[in-house]
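Reviewing the structure listed below.
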Amino acid sequence: AAAASESGRGGRAGCLGRVVPVGSRAEPSGTEPNRTGPGAAHGAGMVLQEAAGAPSLSTAAGGGADATAEVQLSRLRWAVLLLFSSYSLCNAFQWIQYGSINNVFMRFYDVNTFAIDWLSMSYMLIYIPLLFPVAWLLDKRGLRLIALAGSALNAMGAWVKLGSLKPHLFPVTVLGQVICALAQVFILGMPSRIASVWFGSHEVSTACSIAVFGNQLGIAAGFLVPPVLIPNVEDVEKLAYNISVMFFMTAGVASALFILVIIVFKEKPLNPPSRAQASMQSRATAEYSYVQSILRLLHNANFLLLMVTYGLNVGCFYALSTLLNRMVIHHYPGEEVNAGRIGLTIILSGMVGALISGIWLDKTKTYKQTTLVVYIMSLVGMIVYTFTLSLGHLWVVFVTAGSLGFFMTGYLPLGFEFAAELTYPESEGTSSGLLNVSAQIFGIAFTIGQGQIMDCFGTKAGNLLLCSFLFLGTIMTAFIKADLRRQQANLENEQT
């Protein structure tokens, strides 16, 4: 049997280490007998090897019966993940770069607050009708085409904005922002898909967290950099020069990232990285119906509950981010830079929360419990932030905003990964796309509603609106059942 297993490899040892065919009982050298768990190899230069009972890729696709699917991790996965996180960062920066200095752009373009708010809300509005065609493209054409389209549109929008450096050219900056919003449609649904296609079962949640991490880092930069590069000066010519510096820097970075995507970004690794992914790839393309997939998702009660609760939480985050400058300036006039720093604090603490959440999920697989605890703490953080914003002490706002961000932003990868578990073997791009549509719808509603309430009744009333919806989301999260289908598929294949 050992000889047959050895000859069955047919010399298919990859450049990164020995490969074990799916279903083989052969053990990697240096491991304990009969050990088939995902931690079989972790040393430098070694490849994680997983025995899987999933059908052969080529056999399922109609190939010969002798063809064998193999489970193997590729080192290129980290380069792909880093590159995606980088151009996602650049796109997120362009989303919030206007809102973080709302008052400065209002004066430069001579428009009202609502017009500047719509520069941020355009990201949310455009995503809603375009989700389904882009998710269909992701399923039919794969990751590389979507990555190329997203990074190209992101660079194009950045260059268009350079044509809006005069006060009367506000429509041009709107056009540039709309193009960047189109790019976002090709970006937001990819973290869980990249994690599943490129990463093993023991690291998929961490990878998803890192992918979301890049987007959050971009928002953090969007809060920090614009107030520093564009101080609130009276001279319009000086203001135009400062804006041009920021736009040129953004366009240069976006263009460089687009070139790197062309060179580095690959469709998928040579071999599936996990048993669950091998099983999904074994499905013949002709058997897959995108419409039927969406219908199955919309008949999944647990996923529908998650979709609404995710939208409530992330919609509150979008509204808070868009209106943060207005809130802080209202209570602390002239503190544009500190308003940006408070936003930075929210995002940085949230990035730590997201990373910890991903690692915790990979270790414990407690998706329901972790999601519920983080949701409750987001509600508590929002309540504390609401009642401390007007105390007159900026350092208190920094502390409470950071605590809020740790949980509210840390929730983002939890939602993606929980959805992937609840909906397996449906496409991660479709499930995460539906989550994002829910977030965009609630984000627009909350931003408009909170903005109007703030104008009429003050910031505390606006924030209490968000608190009430977070409370509703917490109650709904408690009713989601932990139907972890992806974990069950991994377990069953390992037992087979």
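The values are calculated or read from the model by the stated rules, or taken from the named source; none is laboratory data. None of the values given here were measured: they were computed from a predicted structure. Here the Cβ positions follow ideal geometry from the backbone for every residue, glycine too, while neighbour counts run over all protein chains shown. Calculation scope for accessible area: heavy atoms of the full protein, side chains included, ligands and nucleic acids excluded. Shrake-Rupley method; radii C 1.70, N 1.55, O 1.52, S 1.80 Å.
Per the conditions (1) under 21 Å from VAL380 (Cα atoms); (2) surrounded by fewer than 22 Cβ atoms within 10 Å (Cβ to Cβ); (3) not aromatic (Phe, Trp, Tyr), the sole criterion not satisfied by ALA482 is (1). A Cβ distance below 7 Å, combined with a sequence gap of six or more or placement on separate chains, defines the contacts here; from region 72-84, residues that are over 7 Å from PRO269 (Cβ atoms) reach residues that are in a helix (DSSP H, G or I) and open to solvent by 20 Å² or more (accessible area, probe 1.4 Å) in the pairs ALA79/VAL264; LEU81/ILE210; LEU83/LEU260; LEU83/VAL264. Scanning region 314-369 for residues that are part of a helix (DSSP H, G or I) and of a type in the set (Asp, Glu) gives GLU336, ASP362. If you check ALA147 against the conditions, is it open to solvent by less than 40 Å² (accessible area, probe 1.4 Å), closer than 16 Å to GLN177 by Cα and out of contact with any strand residue (DSSP E or B) (no Cβ under 6 Å at 6 or more places or on another chain)? Answer is no for this residue. Summed over region 207-246, residues that are farther than 21 Å from LEU324 by Cβ and either touching a strand residue (DSSP E or B) at 6+ places or on another chain (Cβ under 7 Å) or buried (at least 23 other Cβ atoms within 10 Å of the Cβ) (or both) total 5.
Yes or no, residue by residue, for (1) buried (at least 24 other Cβ atoms within 10 Å of the Cβ); (2) hydrophobic (A, V, I, L, M, F, W, C); (3) modelled with pLDDT under 85:
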site: TYR310; (1), (2), (3): yes, no, no
site: GLY334; (1), (2), (3): no, no, yes
site: ALA354; (1), (2), (3): yes, yes, yes
site: ILE359; (1), (2), (3): no, yes, yes
site: THR364; (1), (2), (3): no, no, yes
site: SER378; (1), (2), (3): yes, no, no
site: VAL397; (1), (2), (3): yes, yes, no
site: THR400; (1), (2), (3): no, no, no
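Of all residues in region 403-433, those being open to solvent by 10 Å² or more (accessible area, probe 1.4 Å) and modelled with pLDDT of 85 or more number 3.
Here VAL111 meets the list (1) modelled with pLDDT of 85 or more; (2) in contact with a Gly (Cβ under 8 Å, 6 or more places away or on another chain); (3) of a type outside the set (Ser, Thr, Tyr) almost entirely, failing just condition (2). State all residues of region 434-487 that are of a type in the set (Phe, Trp, Tyr), in a helix (DSSP H, G or I) and more than 24 Å from the chain's Cα centre (by Cα); if no residue qualifies, say none. PHE457 - this is the single residue of region 434-487 that is of a type in the set (Phe, Trp, Tyr), in a helix (DSSP H, G or I) and more than 24 Å from the chain's Cα centre (by Cα). Report yes if PRO28 is at pLDDT below 90 and either not assigned by the TED database to the domain that holds PHE213 or not in a helix (DSSP H, G or I) (or both), otherwise no. It is true that PRO28 is at pLDDT below 90 and either not assigned by the TED database to the domain that holds PHE213 or not in a helix (DSSP H, G or I) (or both). For region 131-144, taking the residues that are open to solvent by 60 Å² or more (accessible area, probe 1.4 Å) and in contact (Cβ under 8 Å) with a residue 12 or more places away in the chain, the one that is nearest to GLU267 (Cα to Cα) is identified as ARG144.
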